[in-house]
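K.L.:
Here you go, one structure.
The values are calculated or read from the model by the stated rules, or taken from the named source; none is laboratory data. This is a predicted model, so every value here is computed, not measured. Positions of Cβ are generated from backbone atoms using ideal geometry, with glycine treated the same way; all protein chains shown enter the neighbour counts. These accessible areas exclude ligands, DNA and RNA; they are computed on the full protein's heavy atoms, side chains included. Shrake-Rupley method; radii C 1.70, N 1.55, O 1.52, S 1.80 Å.
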Amino acid sequence: MIRAVLVMNTQGRPRITKFYEFWPVEKQHEAIRNVFSVLCSRAEHVSNFVDAESIFGPAKLLSFPELDFQPKVRRTADSRLVYKHFATLYFVFIFDSSENELAMLDLIQVFVETLDKCFRNVCELDIVFNYSKIHAILDEIIFGGQVLETSSTEVMKAVEEITKLEAASNAINLVSKSVSNWRSR
């Protein structure tokens, strides 16, 4: 299962964060800081695979005393982190042992290729200003921590359909407003 997808810039500012397990916001921020501190200290020629234990610590049952309920969330020692550095962005996937490391690296490539097709050579500003479209693309690839689609072509078809439906919905809203204004005359 994929536990989280992070996209952050080289200054450590998160641009996309999607956690597929429950983590309080403070723990999410701590995880993002820890991931960035490890990534920015790594040399360019080293592996793109990182043992998550070096970031999150040894396996343990997480507890959240600030909450009224206690969700059962376990960070296991078999957690892995794979990342890819493109220009000014780090694309990071955190996952457990049920996923293959090379498949996750390929999935990052599919995500980036899809973003490139959608935005014609994606950059950080595309991600900042097209937040909902980026999440729609990510939801077509991964949903609930499970991989749904690995073909960027199929993802693009789905995103184009979503865009068409949104445009049709906006057109209907515009027509109904103009018709209602006409009736009131």
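K.L.:
Would you call LEU67 modelled with pLDDT under 90, in contact with a strand residue (DSSP E or B) (Cβ under 7 Å, 6 or more places away or on another chain) and surrounded by fewer than 16 Cβ atoms within 10 Å (Cβ to Cβ)? Step through it out loud before you land on a result.
P.N.:
Numbers: modelled with pLDDT under 90: yes; in contact with a strand residue (DSSP E or B) (Cβ under 7 Å, 6 or more places away or on another chain): no; surrounded by fewer than 16 Cβ atoms within 10 Å (Cβ to Cβ): yes.
So LEU67 does not fit the description; no.
K.L.:
Sticking with this structure for a sec: Of the residues LYS157, LYS84, LYS133, which is part of a helix (DSSP H, G or I) and in contact with a helix residue (DSSP H, G or I) (Cβ under 8 Å, 6 or more places away or on another chain)? Can you show your working first?
P.N.:
Details: LYS157 fails: in contact with a helix residue (DSSP H, G or I) (Cβ under 8 Å, 6 or more places away or on another chain); LYS84 fails: part of a helix (DSSP H, G or I).
Being part of a helix (DSSP H, G or I) and in contact with a helix residue (DSSP H, G or I) (Cβ under 8 Å, 6 or more places away or on another chain) holds for just one of LYS157, LYS84, LYS133, which is LYS133.
K.L.:
Moving on. Which one of these does GLN146 not meet: (1) under 25 Å from THR10 (Cβ atoms); (2) open to solvent by 30 Å² or more (accessible area, probe 1.4 Å); (3) not aromatic (Phe, Trp, Tyr)?
P.N.:
(1)
K.L.:
Within segment 119-135, can you find the residues that are of a type in the set (Lys, Arg) and modelled with pLDDT of 90 or more? It would help to see each step written out before you state the result.
P.N.:
Going residue by residue through segment 119-135, those that are of a type in the set (Lys, Arg) are 120, 133.
Correct list: LYS133 only.
K.L.:
Of all residues in segment 89-110, which are free of Cβ contacts under 8 Å to residues at least 60 places away in the same chain, in a helix (DSSP H, G or I) and either crowded, with 21+ Cβ neighbours inside 10 Å or not acidic (Asp, Glu) (or both)?
P.N.:
Let us first name the residues in segment 89-110 that are free of Cβ contacts under 8 Å to residues at least 60 places away in the same chain, namely 97, 100-103, 105-110.
If we keep only those that are in a helix (DSSP H, G or I) too, we end up with 101-103, 105-110.
Within segment 89-110, LEU102, ALA103, LEU105, LEU107, ILE108, GLN109, VAL110 qualify.
K.L.:
Count, please, the residues in segment 108-151 that happen to be touching a strand residue (DSSP E or B) at 6+ places or on another chain (Cβ under 9 Å), among the β-branched types (Val, Ile, Thr) and farther than 18 Å from ALA4 by Cα.
P.N.:
2
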